[in-house]
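Colleague: Below you will find the structure I want to go over with you.
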Amino acid sequence: MRVFKLLNQSKDTKARTGVFSTRKGKVLTPAFFPVATQGTVKGLTSRQLSEIGVQGYLANAYHLYLRPGLEVIKKMGGLGKFMGVDKPILTDSGGYQIFSLARLRKVEDKGVEFRSHLDGNKIFLTPEDVIDIQIALDSDIFVPLDECIKNPADYKKAEEATNRTIAWAKRTKDHFKKQGNLENLLFGIVQGSTYKDLRQKCLVEIDKLEVDGLCIGGLSVGESKEIRYNTLSYLTDLAKDKYLRYFMGYGKPEDIIEAVSLGVDFFDCVIPTRYARTGTAFTNQGEIVIRNSSFISDSAPIDSECSCYSCKNFSRAYIRHLINAGEMLGIQLLSYHNVYWYNSLMKKIRKAIEENNFAKFKKDFLIEYKRNNLVS
RNA sequence: GUGGGUGUAGCUCAGGGGCAGAGCACUUGAUUGUGGUUCAAGUGGCCGGGGGUUCAAAUCCCCUCACCCACC
């Protein structure tokens, strides 16, 4: 059975809708998964998340392996049960930590050595280990270990990282196959920095492995938007329709809309929750920094067009007060709103594509969204 | 009442003849496969008040006010 089924292909952009099937149910695309690195979408309960209608979660194998450890999660019945959620969980491998924790690791062909950011312990992870970790977590979608490097990168370095990512992907697939008929899905990651030949080579090699979806990695790590979208568009032109296309770790609302118009189906990003923690709210008129003094006695909700719990019950003035006072409820209410708002955005995107109206939707959305903030 | 100490940014304080300072707070940014972090920039001053010495005083001298401590 095919995992990803294309439903609508828009005529005037490369945007498309589809259904992605997992053992925990179907995911309508374009989809957005909030990030739950440590097994929690920070600040939100599983009840709130299902109320919002979140379709799934991104957790992190590296982080959960370090803490609380695999034994604990296995004993608790796997990550989904541990977290109390019933939607699919995708686990990132630790490849991004090769980039974000660059000072703490050494990469070699065999695998990567990390010094734990928690206690300094040395940990050596191979691509095979990373699969074993995800099996122990019993997540629904596995992501192979890859080498994510920052941009701009010189060609030689990018080529080395791409070759390593390809070699690791092959080992990952071999190891995955040896486990028998797992219901868990396995994605492949395309690296290659901003070099088209490397991207193409990586995509061809990953395609040979018959993975369940294509992760687009190594973007939004220092390159300009122009180069980013250029590289992205090149990839979505090359990728076969049967693959779900996942832009890892992206993006702001305007970024998501742009990427969807270039043919991306799937996103995760820390932005709705991290921005909530630092006091930025998303609205149909753009971002507002709720801690700004202009909201000190603003009785309006965060977004008057939003029907989430936070917007129906609380004023900007109250949420600003909570955030500025460092109260956790402020973070909770804003996280709830931001995740709800992102989820609504994805629904609107899918609807616009279904109605073959995405180009107009994109244009209208951006005009309205730029009203309050400067979107480049 | 006597003796001693302290008065400098909203707060806690450094500076002791030569451009008025720091941390926190506040104000504004940044943050894209997450360390509620971190980073960057900015606003803010009768240096308790008055007088004197000096080319020059937050700084030295005199007076005064406020607060704190000790002793009558």
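The values are calculated or read from the model by the stated rules, or taken from the named source; none is laboratory data. Bear in mind that the values here come from a model prediction, so they are computed numbers and not experimental data. Using ideal geometry, Cβ is built from the backbone for each residue, glycine included, and neighbour counts are taken over all protein chains shown.
Colleague: Mind counting the residues in the range A:253-274 that are aromatic (F, W, Y) and surrounded by fewer than 20 Cβ atoms within 10 Å (Cβ to Cβ)?
Modeller: Number satisfying all stated conditions: 0.
Colleague: What are the residues in the range A:62-77 that are touching a strand residue (DSSP E or B) at 6+ places or on another chain (Cβ under 9 Å) and over 10 Å from A:G39 (Cα atoms), if any?
Modeller: A:Y62, A:Y65, A:L66
Colleague: Do you know which of the residues in the range A:187-212 that are surrounded by fewer than 23 Cβ atoms within 10 Å (Cβ to Cβ) and outside any helix (DSSP H, G or I) is nearest to the chain's Cα centre (by Cα)?
Modeller: Ranking the qualifying residues of the range A:187-212, first place goes to A:D212.
Colleague: Suppose we keep only residues that are more than 9 Å from RNA strand B (Cβ to nearest atom), among the charged types (D, E, K, R) and part of a helix (DSSP H, G or I) within the range A:229-263. Which one would you say is farthest from the chain's Cα centre (by Cα)?
Modeller: So, considering only residues that are more than 9 Å from RNA strand B (Cβ to nearest atom), among the charged types (D, E, K, R) and part of a helix (DSSP H, G or I), the one farthest from the chain's Cα centre (by Cα) is A:D237.
Colleague: Here's another thing I want to ask about it. I'm trying to understand the selection: among the residues of the range A:148-179, which are surrounded by fewer than 17 Cβ atoms within 10 Å (Cβ to Cβ) and among the small types (G, A, S)?
Modeller: A:A167
Colleague: From A:I353, A:I349, which residue is more than 16 Å from RNA strand B (Cβ to nearest atom), in a helix (DSSP H, G or I) and either under 30 Å from A:V19 (Cβ atoms) or not β-branched (V, I, T) (or both)?
Modeller: Exactly one of A:I353, A:I349 is more than 16 Å from RNA strand B (Cβ to nearest atom), in a helix (DSSP H, G or I) and either under 30 Å from A:V19 (Cβ atoms) or not β-branched (V, I, T) (or both), namely A:I353.
Colleague: Another question about this same structure. Among the residues of the range A:127-152, which ones are more than 11 Å from A:G94 (Cβ to Cβ) and either more than 12 Å from RNA strand B (Cβ to nearest atom) or modelled with pLDDT of 95 or more (or both)?
Modeller: Listed by number, the residues that qualify are A:E128, A:I131, A:D132, A:I135, A:A136, A:L137, A:D138, A:S139, A:D140, A:I141, A:F142, A:P152.
Colleague: Additional query: Hey, does the range A:97-110 have a residue that's in contact with an Asp or Glu (Cβ under 7 Å, 6 or more places away or on another chain), small (G, A, S), part of a helix (DSSP H, G or I) and assigned by TED's automatic domain parsing to the domain that holds A:E183?
Modeller: no
Colleague: Which of the residues that make up the range A:236-252 are surrounded by fewer than 21 Cβ atoms within 10 Å (Cβ to Cβ) and more than 20 Å from A:G18 (Cβ to Cβ)?
Modeller: Answer for the range A:236-252, where residues must be surrounded by fewer than 21 Cβ atoms within 10 Å (Cβ to Cβ) and more than 20 Å from A:G18 (Cβ to Cβ): just A:K252.
Colleague: Sticking with this structure for a sec: With the requirement that a residue be assigned to a helix (DSSP H, G or I), touching a Lys or Arg at 6+ places or on another chain (Cβ under 7 Å) and crowded, with 18+ Cβ neighbours inside 10 Å, what does the range A:278-331 give you?
Modeller: Correct list: A:F295, A:R320, A:I323, A:I331.
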